[in-house]
Structures are given as C-alpha cells and as structure tokens.
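Reviewing the structure listed below.
The values are calculated or read from the model by the stated rules, or taken from the named source; none is laboratory data. Since the structure is predicted, the reported quantities are computational estimates derived from the model, not experimental observations. A quick note on method: Cβ atoms are made from the backbone with ideal geometry, for glycine too, and the neighbour counts reach across all protein chains shown.
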Amino acid sequence: KNIVILISGRGSNMQAIVEAQIPGANIAAVISNRPDAAGLAWAAERGVPTAALDHKAFASREAFDAALAELIDGYAPDLVVLAGFMRILTPDFTRRYEGRMLNIHPSLLPSFTGLHTHQRAIDMGCKVAGCTVHFVTADLDHGPIVAQGVVTVLDDDSEDTLAARVLKIEHQLYPEAVRRFVAGELAIVDGRVKGRAQDA
Ligand code: GRF
C-alpha cells in the first residue's frame, strides 16, 4: 500500500511510522507545507521521496488544497497520513480522501480539539490525558476514532512534560494504527471504526 505522509514540522510521528517498517507499506512520499520542515530533511536523508508545497504561495485555502491533492495523487496513495500537518483542510479535500486519511491529535477526543491541548487539560484539572488516531472528516479533529493512548497527568506536570509523555505514546499508537489499516483491519461501519486498535 502506498502511503503519503503530510507534515509541517519536526515530523517525529512520521519518523516513527517510517522506522516501524510496516509490512506491505510503501512510504511513497513525505510532503510538507513548510519547505524548511525538519522532518523533510530527515526523510530525504533516508531516501524517502519528499516534496514541499508552500501554502503561502497560494491565494486561497481552496487553491492550496487543490494543488496539494494533485501532488498527493501523483503518488497514487492508498492512505494519507496527517502527522503534525498544521493546516485546516477544505471539505473538498477531506471528501477526496474519505476513509483513507488518518490524523493524530494530542488529546483524548472529543475533548480538546484544536490547539494547546496539554495546557488546557492541565488547566481543567484532568487526571488523564492522551492522544487519538482518527479518520479525517470535514469536521476538524472529529471523525471515527481508530485508537487512543492514555497517560496519567501528574500534579507537577507542565505543558512540556505532559506533551513529552503523550508524544511517546503517539509514537507507538500511530505506527500500529497504520499497520492495521495496511493489513485491512480497519473498516468504518455506521460512522464507527470496526476493529479498534488496542488501547495503549
Ligand atoms: C503531535 O503532538 C501531533 O499529535 C500533533 O502535532 C504534533 C506533531 O509532532 N498533531 P511531530 O511533528 O510528529 O513531531
């Protein structure tokens, strides 16, 4: 299965997926909307095809998404993986990859969609936090949940310490979710994922 991974920054989740060497998975390309994303250089060094499409060069979100879809489709993807891809996607784009695009979000969805998830969890006095892999729909950080990983929030946690602990779980959870997709173990039935990945 051809997999295209979209990143915007350091790409540690992308690295975890590449390094997992998932049977039957071909990392067809790593694409970034930021040409200077550290993850691009990491992938290129390992011989993974890379591309950059600078969103600032486009007049509208629609125009960027259309060009991005064209670039992605050149790699004939079976699965598109959003890994720290910091762009809101248009409905046309999400519809195009319906049922074959995954995202990882650093909270236990449906709590804390959007940004600053860890600080918000701390501020609310949450006792557990975590991350969620879900299929992407037009609704930001919604969509059928594939897998969740949970960590305990410690009394002295800062945003950074909590983020670091959750990130470790992300690096286990995401490759496992991709493995399950590639193995044909994930299906959406009545809006829910059948064959849930084991919770971390
Ligand atoms: C991760 O915390 C991910 O959950 C969120 O953005 C961060 C990306 O980190 N969507 P990285 O680029 O994968 O290191």
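Taking the criterion of being surrounded by 13 or more Cβ atoms within 10 Å (Cβ to Cβ) and within 16 Å of Arg87 (Cα to Cα), would at least one residue in the range 23-31 satisfy it? Yes; the residues of the range 23-31 include at least one that is surrounded by 13 or more Cβ atoms within 10 Å (Cβ to Cβ) and within 16 Å of Arg87 (Cα to Cα). For the range 95-115, give me each residue that is over 13 Å from His134 (Cα atoms) and in contact (Cβ under 8 Å) with a residue 40 or more places away in the chain. Correct list: Arg95 only. Taking the criterion of being of a type outside the set (Ser, Thr, Tyr) and more than 16 Å from the ligand (Cβ to nearest atom), the residues of the range 78-102 that qualify are Asp78, Leu79, Pro91, Asp92, Phe93, Arg95, Arg96, Glu98, Gly99, Arg100.
Restricted to the range 1-82, the set of strands (runs of 3 or more DSSP E) holding at least 3 residues that are more than 24 Å from Ala187 (Cβ to Cβ) comprises 26-32, 50-52. Restricting attention to the range 50-77, and to residues there that are under 22 Å from Val182 (Cα atoms) and away from the ligand (no atom under 16 Å from the Cβ), which single residue is surrounded by the most Cβ atoms within 10 Å (Cβ to Cβ)? Within the range 50-77, the match that is surrounded by the most Cβ atoms within 10 Å (Cβ to Cβ) is Ile72. Picking from residues in the range 110-161 that are under 21 Å from Tyr97 (Cα atoms) and of a type in the set (A, V, I, L, M), the one that is modelled with the lowest pLDDT is Leu140. Residues that are closer than 24 Å to Phe181 by Cα and surrounded by fewer than 20 Cβ atoms within 10 Å (Cβ to Cβ) within the range 32-49 comprise Arg46, Gly47, Val48, Pro49, listed in sequence order. Selection of first residues in the range 1-29 that are in contact (Cβ under 8 Å) with a residue 24 or more places away in the chain and of second residues that are among the basic types (Lys, Arg) and within 15 Å of the ligand (Cβ to nearest atom), restricted to Cβ pairs under 6 Å at least 6 apart or on distinct chains, gives the following pairs, ordered by first then second residue: Ser8/Arg34. For Gly143, the conditions (1) surrounded by 17 or more Cβ atoms within 10 Å (Cβ to Cβ); (2) out of contact with any strand residue (DSSP E or B) (no Cβ under 6 Å at 6 or more places or on another chain) all hold with the exception of (2). One residue alone among Ala197, Ala164, Ala177 is surrounded by 14 or more Cβ atoms within 10 Å (Cβ to Cβ) and either in contact with a Ser or Thr (Cβ under 6 Å, 6 or more places away or on another chain) or at pLDDT 95 or above (or both), and that residue is Ala177. Listed here are the strands (runs of 3 or more DSSP E) enclosed by the range 88-200 that have at least 1 residues being over 30 Å from Ala76 (Cα atoms): 128-135, 145-152.
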